[in-house]
Amino acid sequence: MDNFFAAISLFRRRKYDECIEVCNVLLQHNALHQGPWELKMRSMTQRVYIDDFEADDDVAEDILDTQTIATAPRPGTSLRTAKPTTGSGAATATNRPRTGTGRPITGISRPGTLSLQRPGSTLGNRTAPRTASRTAGTAGGSARQMRLGSASMFAAGDPTGPLFHISRLHPDKYASKDALSKPLFQYLYYHEGDIRKAMALCDAVLNRRSVDEATADTVSGWWWNTQKGRCLIATGSPREAEPYLRAALQDLQHPDVVLLLARIYLKIDQPTAALEVCRQGLERLPNEITLLTQQARIHELVGNLNVSVRRYRQISALDPMNTEALACIAVSYFYANQPETALLYYRRILALGGHSAELYCNIGLCCLYGGQLDLVFPCFQRALRMATETELRADLWYNLSFVALTTGDIHLARRCLRLCIAANGTHGAALNNMAVLVARQKQYPKAKSYLQAARTALPASDEIEHNLKFIENFQ
């Protein structure tokens, strides 16, 4: 088999490192051969590609002052003033713990939200594995053309080094090359991380299309408008990205464009507008999993937990293997005092292959509240063996101390709390519980020191303030 077609076969089988090695051999024989050069660029991009739709969920702490309109938004229309709505059914949120910023504890670990979780939460977002897939809007395929490339793009003729010097890149020169401009943008954006240069390439392509509208195709137009909006969002200009995404939606109704437009409204603290965008997208794309998931997450952020759970139920009916939907439904059942039903969903996730310390911790807590005490400690033992991060081990020891308190083993609870504080000295809930146990032994000065440390970790906790006032009465 020809080496170039062997490299294409490796690329299609996602063996990117081997594909790059074959391309390097081909480039050593002919450094100006564009086919292997373009294929190597695609392989290097795919090797480091991440789904940035799932990597930018932290919106409450990323709202720019220059992008904010109202300083006192109406209730239910802002992420800052979101409060849980109560109601009947499995999704009642009256007793669900909150995060440090006031969000309800969710059922899935999402990038950008772990730092906002309330330390010591018993059943937080503890199910990280996810199987939901999304149709990517990037250009795929392999290098098809065998013409010679430009010598100015190569870095000193070394095929094993950088593909080209970014400082020497002239976007206008490659704007007319449709087969090269898309993989070049992806390489600049994902591999090199040069957002400015990638946006310059978008501007060059869009300017060329505006001049030559007769030959411009709609499919290519929506893609470049989308990437322009993506770059503007990444550079902190969400409002400037909105017209480009609106233009992309006019050319093609694609889930990626809807998600990016919803992200814009979330960044400027307009969740109602984001929900409307998702609703309009679902009218054109019924039962689209990604749009339903985005709707469920937004409702969860603003405190509409009942609506959020209904969306997750709809997702689980369409995709029974969607672990995010299963985990969020399980959390709603747990905090609605139905641990047996929550345990069924967690066992479903376990059957799908979601083996993690967080999952076993949740199963152990469901078994505790469900009366299956013989399964509680084995689940926590397995969770502790699988836990690698110190913060996660601290949460597990805290939950295990709660199990010990429930069963009446005060000595075990005290030891677990000490291990939790040793792993994470700023664990506010563990410090508060440790102060209560110390106060029961009438060691009030020591209890007060624990409570002062807990107040530093959780300044908004009413429980800690109440305990401090109670301890001061004994001194």
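The values are calculated or read from the model by the stated rules, or taken from the named source; none is laboratory data. Nothing here was measured: the structure is a model prediction, and the numbers come from that model. Virtual Cβ from ideal backbone geometry, glycine too; neighbours counted across all protein chains shown. To get the accessible areas, we keep the full protein, side chains included, count just its heavy atoms, and leave off ligands, DNA and RNA. Shrake-Rupley method; radii C 1.70, N 1.55, O 1.52, S 1.80 Å.
At-a-glance table
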{"quantity": "Accessible area expressed per residue, the range 428-475, with surrounding protein chains retained (probe 1.4 Å, Å²)", "calculated": "58"}
{"quantity": "Selection of trypsin sites (Lys or Arg not before Pro), the range 377-475, meeting DSSP coil and at most 13 other Cβ within 10 Å", "calculated": "442"}
{"quantity": "Chymotrypsin sites (Phe, Trp or Tyr not before Pro) lying in DSSP loop within the range 391-475, provided at most 16 other Cβ fall within 10 Å", "calculated": "474"}
{"quantity": "Listed peptides 46-52, 345-351, 199-205, 171-177 by packing density, highest first (mean Cβ within 10 Å)", "calculated": "199-205, 345-351, 171-177, 46-52"}
{"quantity": "Highest-first arrangement of 27-33, 17-23, where packing means the average Cβ count within 10 Å", "calculated": "17-23, 27-33"}
{"quantity": "Percent carbon-and-sulfur accessible area, the range 350-475, ignoring ligands, DNA and RNA, probe 1.4 Å", "calculated": "52"}
{"quantity": "For the range 434-439, 3J(HN,Hα) per residue [Karplus equation, 6.51 cos²θ - 1.76 cosθ + 1.60, θ = phi - 60°, Hz, x = Gly/Pro]", "calculated": "5, 5, 5, 5, 5, 5"}
{"quantity": "Carbon + sulfur, % of accessible area of the range 199-300 - ligands and nucleic acids excluded, 1.4 Å", "calculated": "49"}
{"quantity": "Amide H within-cut-off set for residue 33, under 5 Å, with H built and near neighbours excluded", "calculated": "149"}
{"quantity": "29 Å Cα-Cα reach of residue 469 towards lysines, excluding residues that sit fewer than 8 places from it in its own chain", "calculated": "83, 442, 446, 448"}
{"quantity": "Probe 1.4 Å, accessible area per residue of the range 280-383, Å²", "calculated": "38"}
{"quantity": "Subset of 15/177; 40/197; 40/182; 182/267; 15/228; 197/267 violating a 22 Å alpha-carbon distance limit", "calculated": "15/177; 182/267; 15/228; 197/267"}
{"quantity": "Peptides ranked, highest mean first, by Cβ atoms within 10 Å: ranges 279-286, 253-260", "calculated": "253-260, 279-286"}
